[in-house]
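Okay, structure first, notes after.
The values are calculated or read from the model by the stated rules, or taken from the named source; none is laboratory data. Note that the coordinates shown come from a computational prediction; the quantities given were computed from them, not determined experimentally. As a convention, Cβ positions derive from the backbone with ideal geometry for all residues, glycine included, and neighbour counts pool all protein chains shown.
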Amino acid sequence: MIVLVLLGLLAVLAVLALAHWYLWRRLVRDVSAPGGPWRRAGTVLAVVLPLLAVGALAGGRKLPMSAERWLAWPGYLWLAVLLYLLMALAVGEAARLLLLRLPRRRSPASQEAPAAGAPTDTAPSPERRLFVARTVAIGASGAAAAVVGNGAYGVLRGPRLKQVTVPLAKLPAGAHGYRIAVVSDIHLGPILGRGHTQRIVDTINGARPDLIAIVGDLVDGTVPELGRAAEPLAQLRARDGAYFVTGNHEYFSGAAPWVDFVRELGVHPLQNARVELPGFDLAGVNDLAGRSEGDGPDFAKALGDRDRARTSVLLSHQPVTIHDAVRHGVDLQLSGHTHGGQLWPGNYLVELANPTVAGLERYGDTQLYVTRGAGAWGPPVRVGAPSDITIVTLASLRA
């Protein structure tokens, strides 16, 4: 097992090294003179930036949060830039071939046709090669910077409200219009901190929901490191309170202390448990990652003895638990975990491991809603998957 892990790490490092060699070739060597200042500076960056990225990836849960912040900001941002630089340069390769093959303009003195048998010069000149290389480099760099800059602004600005209405056959007429604020994947850590939490709390409170559901992945760190960043959760206000279930990242950070901490903040943890509200049952299960600690989801405990004539809403971090929810007669499961893919085209990869990446879908008699989440993991950037807090409005067919 250790050998396989080492081989995997070596493969990742090899791919990272190859990607940076390609970037150095296209963005440094092809556009600068040997020994010039840009060549020297670009070569240094080609070595330092991948080291920062590796440091950001390896520093999590191994370095103090104060030290991790110095690596996380540049390292994770560079990983996002790297992705879109490579994509832009892939498009640029086609443009490069086209521009280099365009016919050269002849000077008036060279308009005469060459003599029969004389060699023809069809190769692009050094000047054209340099012009094309610089054009592609500037275009690709500008495109990547614009995409990542806009994606980072979206994360740091905070999530926007999204409205979804879910009709439920068994919901009594008296509960028609009940509103649940669903927030997931806040990911407090070395980049997103107390200000991020405050923006989320203010947005939720401004919507005046009847109930608040925090569906896992609140943190990437320990209570001593991030407790202060999570404190604004104590300001959450809803008629029927706020509830919390664990995500996989809580188990990376110490789930039990976080469960105790959010309880102190006035948020109610649902650990394989259920509460009966006037219009429906609200249940919650632990995340699948808890199985490694003997603390995984227990659907029988949370749902086994309930009255199935009542509507049930389940909080479960990962969408893949939908099949357990169907077996236990759940009417609506609320999940997160996927981030909607976070960085396009990552959504296509996320689809391979999750039944639903984002939005509302039906599985038999059970509906599954997956929020894209309110934060970001790794790069504080979202492309094609804007962060959200969803107001899920329950609709009764009897109303």
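Computed values, structure above
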item	result
Any hit, segment 181-188, residues being closer than 18 Å to residue 282 by Cβ, in contact with a Pro (Cβ under 8 Å, 6 or more places away or on another chain) and modelled with pLDDT of 95 or more	yes
Breaking point among (1) in a helix (DSSP H, G or I); (2) touching a residue at least 12 places away in the same chain (Cβ under 8 Å), for residue 395	(1)
Residue in segment 212-221 that is outside any helix (DSSP H, G or I), surrounded by fewer than 21 Cβ atoms within 10 Å (Cβ to Cβ) and in contact with a Pro (Cβ under 8 Å, 6 or more places away or on another chain) present	no
Which listed residue, of 146, 175, is at pLDDT 95 or above and surrounded by 15 or more Cβ atoms within 10 Å (Cβ to Cβ)	175
Number of positions in segment 356-392 that are in contact with a helix residue (DSSP H, G or I) (Cβ under 9 Å, 6 or more places away or on another chain), not acidic (Asp, Glu) and not in a loop (DSSP other than H, G, I, E, B)	8
One residue from 234, 181, 229, 169 being surrounded by 18 or more Cβ atoms within 10 Å (Cβ to Cβ), closer than 25 Å to residue 275 by Cα and outside the structural domain of residue 65 (by TED's automatic domain parsing)	181
Helices (runs of 4 or more DSSP H) completely within segment 247-329 that count 3 or more residues being within 22 Å of residue 168 (Cβ to Cβ)	299-303, 322-327
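A quick yes/no check of all residues on (1) surrounded by 21 or more Cβ atoms within 10 Å (Cβ to Cβ); (2) touching a residue at least 12 places away in the same chain (Cβ under 8 Å); (3) out of contact with any Ser or Thr (no Cβ under 8 Å at 6 or more places or on another chain):
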site: 308; (1), (2), (3): no, yes, yes
site: 312; (1), (2), (3): yes, yes, yes
site: 323; (1), (2), (3): no, yes, yes
site: 335; (1), (2), (3): yes, yes, no
